[in-house]
Amino acid sequence: MLEADGPQGTVAVRLSEVEAYAGRADPASHAYRGPTARNAVMFGPPGHLYVYFVYGMHWCCNVVCGPEGDASAVLLRAGAVVSGVQTARMRRPAARADSDLARGPARLATALGLDRAANGVDLLSAGSRVRLRAGSRVPDDAVRRGPRIGVAAAAEVPWRLWIAGDSTVSPYRPRLRRVAAGARPPLA
DNA sequence: ATTAGGATCTTCT
DNA sequence: GAAGATCCTAATG
């Protein structure tokens, strides 16, 4: 469960889909090329929120996992809004059904009202604006795993985990990487 | 139901 | 200068 306070109220989400990134050893990880201004939080202590900006308009959230310096993190890909539904709807007018409110990493961040200002927040402190809490346990046999989405490297590593049959899990669309206009096709 | 294209800007090469 | 851990809308089958 992830819970975020905001000016319009508190929204809580039960996570249904996540993706693991294994620090510097993982070619798909933002930490792969070492520390930078953007990924600094990843190299810090675990239990903190790493928020980054993608595609010129979206924010995505990770929970830092490994020990300090390890730079491992889990991307929060989707969840079900379990409280503050009305606030989440206002933030996500494009969502048709409530199950779409946090169905996708950028949607989840928007529903929770998270952006650059939430980067680095300690998720395990009761006084934080954003908090990670234990929810009801998911049985092992309800957890599925498969390839990560949208990554250009190490796509075959099955580190996306989700709850089987959950309607809030993002739809899997293996998009071919966009090729720049006018670029030559790769040589076979 | 599925697909294609556009929006938009930070980050690192 | 180019690509990027995405989403939305419109068009088509």
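Annotations for the structure displayed:
- The residue of segment A:42-57 that is surrounded by the most Cβ atoms within 10 Å (Cβ to Cβ), among those that are within 11 Å of DNA strand B (Cβ to nearest atom) and of a type in the set (S, T, Y), is A:Y52.
- A:C60 being within 16 Å of DNA strand B (Cβ to nearest atom), under 25 Å from A:A142 (Cβ atoms), within 16 Å of the chain's Cα centre (by Cα) and not aliphatic (A, V, I, L, M): yes
- Of all residues in segment A:138-152, those that are within 16 Å of DNA strand B (Cβ to nearest atom) and either modelled with pLDDT of 95 or more or surrounded by 14 or more Cβ atoms within 10 Å (Cβ to Cβ) (or both) total 3.
- In segment A:57-80, residue nearest to DNA strand C (Cβ to nearest atom) [restricted to those that are among the small types (G, A, S) and within 19 Å of A:R91 (Cβ to Cβ)]: A:A78
- Complete set of residues in segment A:108-137 that are buried (at least 16 other Cβ atoms within 10 Å of the Cβ) and either without any contact (Cβ under 8 Å) to a residue 60 or more places away in the chain or assigned to a loop (DSSP other than H, G, I, E, B) (or both): A:A109, A:T110, A:G113, A:L114, A:N119, A:V121, A:L123, A:S128, A:R129
- Spans of strands (runs of 3 or more DSSP E) in segment A:1-105 with at least 1 residues farther than 16 Å from A:V121 by Cβ and of a type in the set (D, E, K, R): A:9-21, A:73-83
- Of the listed requirements (1) touching a Ser or Thr at 6+ places or on another chain (Cβ under 9 Å); (2) modelled with pLDDT under 80, A:L187 misses just one: (1).
- Filtered residue count, segment A:72-83, keeping only those that are among the small types (G, A, S) and either under 20 Å from A:A117 (Cα atoms) or within 12 Å of DNA strand B (Cβ to nearest atom) (or both): 1
- Note on segment A:9-37: among residues that are under 12 Å from the mean Cα position of the chain (by Cα) and not hydrophobic (A, V, I, L, M, F, W, C), the one that is nearest to DNA strand C (Cβ to nearest atom) is A:Y21.
- Of the criteria (1) in a loop (DSSP other than H, G, I, E, B); (2) out of contact with any strand residue (DSSP E or B) (no Cβ under 7 Å at 6 or more places or on another chain); (3) not polar (S, T, N, Q), which one A:D141 fails: (1)
- Residue match in segment A:38-51 (condition: near DNA strand C (Cβ under 9 Å from one of its atoms) and within 14 Å of the chain's Cα centre (by Cα)): yes
- Scanning segment A:81-103 for residues that are surrounded by 21 or more Cβ atoms within 10 Å (Cβ to Cβ) and within 11 Å of DNA strand C (Cβ to nearest atom) yields A:L101, A:A102, A:R103.
The values are calculated or read from the model by the stated rules, or taken from the named source; none is laboratory data. All values derive from a computational prediction rather than experimental measurement. Counting neighbours? That spans all protein chains shown, and the Cβs are built from the backbone with ideal geometry, glycine included.
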